[in-house]
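Quick notes on the structure that follows.
Laboratory data are not the source of any read-out in this text; all were calculated from the coordinates shown. Bear in mind the structure is a predicted one, so any value in this text is a computation, not a measurement. FYI the Cβ positions are ideal-geometry reconstructions off the backbone, even for glycines, and counts take in every protein chain you see.
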Amino acid sequence: MIARKRDGQELVSAEIEAFVRGATDGTWEDYQLSAMLMAIYLNGMTAVEVAAYTKAMMNSGVVADLSGVPGIKVDKHSTGGVGDKVSLPLAAMVAACGVPVPMISGRGLGHSGGTLDKLEAIPGFQVNISLEDYRAQVERVGCAMIGQTKDLAPADKKLYALRDVTATVACVPLICGSIMSKKLAEGIDGLALDVKFGRGAFMKDIAEARELAEAMVDIGRAMGKGVIALLTAMDQPLGRAVGNAVEVAESIACLKGAGPADLMEVTYALGVEMLILGGVAKDAAEARASLEQVIADGSALAKFGEIVEAQGGDRNVIDDPDGVLPKAQQQVPLLAAKGGIVQDVDAMAVALAALRLGAGRARAEDTVDPAVGVTGLVKVGETVEAGQPLAIVHANDDDSWAAAEVLLRDGIVVGEGTVKVSPLVVDRIG
C-alpha cells in the first residue's frame, strides 16, 4: 500500500481503511504510518480517496448519536486565527434562535488560540464531559461546548502527532480528513466553515484557503451533510482582544450588543449560514434579523449563561465579567510614539506577543495563563494621537511584558496617509 501511494497510484477504500485502522490499533508501526503520510503529502489524494479517508477516520471511534435531539443540528468550525473568539457568542446566538449547536472544539497551539482555553478561563467551566452528558445538554440547553473525547476519531490524535514531527501538517487532504472526521463524529447535520487566510492564518494564500474550503465542502456533502464555507481575511486580529479571559470578556460584550464591528461582521455572517442550514430562516435577511433580535432582547446572553452554568462555570460572568474572570498583575498601555493613521496591525506579531505573555502554547504540553493577553487594540485605518494607547498589555511579569512590547511596537505601524481596509468576508463556497 505504501509503495502504491509512493508511486502516485489511487488507493481503494479497503486500503485506506487498513491504514487508519493500523493507526488506531497499533498494527502499523510509526515508521510505516509516517511513510504513508509522506507519500500522501507528496502525491496528494483524489476526491474519492479523501472521502474514504475522512469516513475511516470518523469511524475509528464512536460517532455521537444525536438523532433523538429535535431539530437540525449545526456546528461551526474555524481553521484558526488571532483574536478569533467567534465560537463563544455565535453558539449562544444560534442556539437562542432555536438551532441546536453541538460544538466540539480544540485547544490553542502555536500562534492560534483555542476555544477550550478561552472557556476554561471562566472559573469552574468543564470542557471534559461524557458523550452522554453532551447529548443530554444539547437536548436540554440547545448547545454544548466540549473538548474531543478519547472515543471520538482516535486515529486523528495518533496521525496528527506523527504529522507534526514529519513535516506533513500542511497537506490539504490530511487537513480535510482531520477536521471533517472530528466534526462529522459529533453527530451534526450541518456545518458552517470559517476558512481563514492571511498573515495570522495557517493558510497564508487565498488560493490555498479556497482549495481547502472546496475540499471540505465536497467531503461534507459526500457524507450527506449540509456544509458551506466562508473565506475570511486574517491579516489583523479579529476584535480588539487577544488572550483567554480577555476574549471571554469581549465575547460577552458582543452578546450585550457592544462587540467590535469586525468581530460582529464575521459572527453574523456565520450565524446567517447556520440558521439557514438549521431550517429556521429562509434567507439571509430573515436570519440576520433573528440574530439581531436575540442580541437586542437579551436571550443570546441568557443562553450563554445557561451553557456556562450547565458545564459548571460561574454564571455571574455574564453580569460581571470583570469581577469573575482572572486578572493579570499588570495592565500597561502601549502608547503611540507619534500621531497619524494606523497603517498596519500585524496579526502574527500580536499573536506572538500574546504567546510570549503566556496566553498560548509553543508546545502541546505548555500551560496557559488565562489572565494575560492584549486588549484595546487599535484597528487599521483609525486615527491616533501621540501618547494615545495602541493597546493595553496584560502581563504577570516584567520580562514577558518587555518581550511583548517589542513585538507589538514592530507589528503596529502608525503613519501618514489613508489606508484601504480590505474586506473581511471575501467569498462563500457552497
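Can you pull out every residue in segment 359-391 that is surrounded by fewer than 18 Cβ atoms within 10 Å (Cβ to Cβ) and farther than 17 Å from Gly106 by Cα?
First pass over segment 359-391, keeping only residues surrounded by fewer than 18 Cβ atoms within 10 Å (Cβ to Cβ): 362-367, 376, 379, 381-383, 385-389.
Correct list: Gly376, Lys379, Gly381, Glu382, Thr383, Glu385, Ala386, Gly387, Gln388, Pro389.
Which of the numbered conditions does Asp117 fail, given that it passes all the others? Conditions: (1) assigned to a helix (DSSP H, G or I); (2) in contact with a Cys (Cβ under 8 Å, 6 or more places away or on another chain).
The number of the failed condition is (2).
Restricting to segment 190-232, name every residue that is surrounded by 24 or more Cβ atoms within 10 Å (Cβ to Cβ), of a type in the set (Gly, Ala, Ser) and in a strand (DSSP E or B).
Scanning segment 190-232 gives Ala192, Ala229.
Residues of segment 250-289 being farther than 24 Å from Val421 by Cβ and surrounded by 20 or more Cβ atoms within 10 Å (Cβ to Cβ), which ones?
So the first thing to find is which residues in segment 250-289 are farther than 24 Å from Val421 by Cβ, and the list is 252, 255-256, 274-283, 285-287, 289.
Passing the criteria: Ile252, Leu255, Met274, Leu275, Ile276, Leu277, Gly278, Ala281, Ala287.
Please return the ranges of helices (runs of 4 or more DSSP H) entirely within segment 311-430 where 1 or more residues are closer than 21 Å to Gly200 by Cβ and without any contact (Cβ under 8 Å) to a residue 24 or more places away in the chain. So that I can check it myself, show each step before the final result.
Values: elements: 321-324, 347-357, 398-411.
Counting at least 1 such residues, we get 398-411.
Which of the residues belonging to segment 393-430 are within 25 Å of the chain's Cα centre (by Cα) and of a type in the set (S, T, N, Q)? Steps first, answer last, please.
Step one: filter segment 393-430 for residues within 25 Å of the chain's Cα centre (by Cα), giving 393-395, 404, 407-408, 411-412, 421-430.
Answer for segment 393-430, where residues must be within 25 Å of the chain's Cα centre (by Cα) and of a type in the set (S, T, N, Q): just Ser422.
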